[in-house]
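Q: One structure, pasted below without further comment.
The values are calculated or read from the model by the stated rules, or taken from the named source; none is laboratory data. Quick caveat: nothing in here was measured; it's all calculated off a predicted structure. FYI the Cβ positions are ideal-geometry reconstructions off the backbone, even for glycines, and counts take in every protein chain you see. Calculation scope for accessible area: heavy atoms of the full protein, side chains included, ligands and nucleic acids excluded. Shrake-Rupley method; radii C 1.70, N 1.55, O 1.52, S 1.80 Å.
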Amino acid sequence: MDELIRALIAKKLSLSCIDFLGVDFASHLGVDNSEIYKGTLSSSHQDVLTVFLDINQNVLNYYGFNSQEVVGLMAINGKEKFQSDICLAYSGTLSYEENDIFLAVAYKEKVSTFCFQLSSKRTLNIEQAILLGIEKTLRMINEI
């Protein structure tokens, strides 16, 4: 986490998060600085996607709530809504039967989406999702 904070400060970038998975990325980030962290939208209500994030209902009906296509739109639109340089978006299912995590990072004009299948332990999956978010965000920051 410290590496991500240092990179954000060094490059004068801000971050926001759309969390439809329950990873609570903000509390793990440990930064109250509004110049670095612009905010989190944490919900599991589909209405938030259509009303706040302006995702078309037809897109949700076609791809489904938990998909790379929708999580990519969540990151793109979240970046715009929070007026941040980077937006990290999470969606997916963490249960004993299904453990698919969808992750997207939007930075500048690029969005990268990922799907991970994790173990059956919810606490470990949340920790792993946070680490994956950090890793993918750092990679994108350093590539562009």
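Q: Here is a check on your reading of the model: is L103 at pLDDT below 90, among the hydrophobic types (A, V, I, L, M, F, W, C) and not in a helix (DSSP H, G or I)? Show your work before the answer.
A: On the way: at pLDDT below 90: no; among the hydrophobic types (A, V, I, L, M, F, W, C): yes; not in a helix (DSSP H, G or I): yes.
The answer is no for L103.
Q: Of the conditions (1) under 20 Å from R139 (Cα atoms); (2) of a type in the set (F, W, Y); (3) without any contact (Cβ under 8 Å) to a residue 60 or more places away in the chain, F25 fails just one. Which one is it?
A: (3) is the only condition that F25 fails.
Q: Taking S67, is it under 16 Å from F52 (Cα atoms) and either open to solvent by less than 50 Å² (accessible area, probe 1.4 Å) or touching a helix residue (DSSP H, G or I) at 6+ places or on another chain (Cβ under 8 Å) (or both)?
A: Working: under 16 Å from F52 (Cα atoms): no; either open to solvent by less than 50 Å² (accessible area, probe 1.4 Å) or touching a helix residue (DSSP H, G or I) at 6+ places or on another chain (Cβ under 8 Å) (or both): yes.
Criteria not met by S67.
Q: Considering only region 133-144, state which residues are closer than 15 Å to L15 by Cβ and of a type outside the set (G, A, S).
A: In the first step, residues of region 133-144 are kept if they are closer than 15 Å to L15 by Cβ; the result is 133-142, 144.
Result: I134, E135, K136, T137, L138, R139, M140, I141, N142, I144.
Q: State which residue is least open to solvent (accessible area, probe 1.4 Å) when the search covers only region 13-48 and only residues that are over 13 Å from the mean Cα position of the chain (by Cα), under 14 Å from S91 (Cβ atoms) and at pLDDT 80 or above.
A: Among those residues, the one meeting the criterion is V48.
Q: If you don't mind, there's one more thing I want to ask. Give the number of residues within region 49-65 that are under 21 Å from A26 (Cβ atoms) and under 15 Å from the mean Cα position of the chain (by Cα).
A: Count: 2.
Q: Name every residue in region 58-76 that is polar (S, T, N, Q) and in contact with a Cys (Cβ under 8 Å, 6 or more places away or on another chain), in order of residue number.
A: Q68
Q: Checking S42 against (1) touching a strand residue (DSSP E or B) at 6+ places or on another chain (Cβ under 6 Å); (2) without any contact (Cβ under 8 Å) to a residue 12 or more places away in the chain: exactly one of these is not met. Which one?
A: (2)
Q: Here's a follow-up. Please enumerate the residues belonging to region 70-92 that are buried (at least 21 other Cβ atoms within 10 Å of the Cβ) and closer than 17 Å to H45 by Cβ.
A: Scanning region 70-92 gives V70, V71, L73, M74, G78, A89, Y90, S91, G92.
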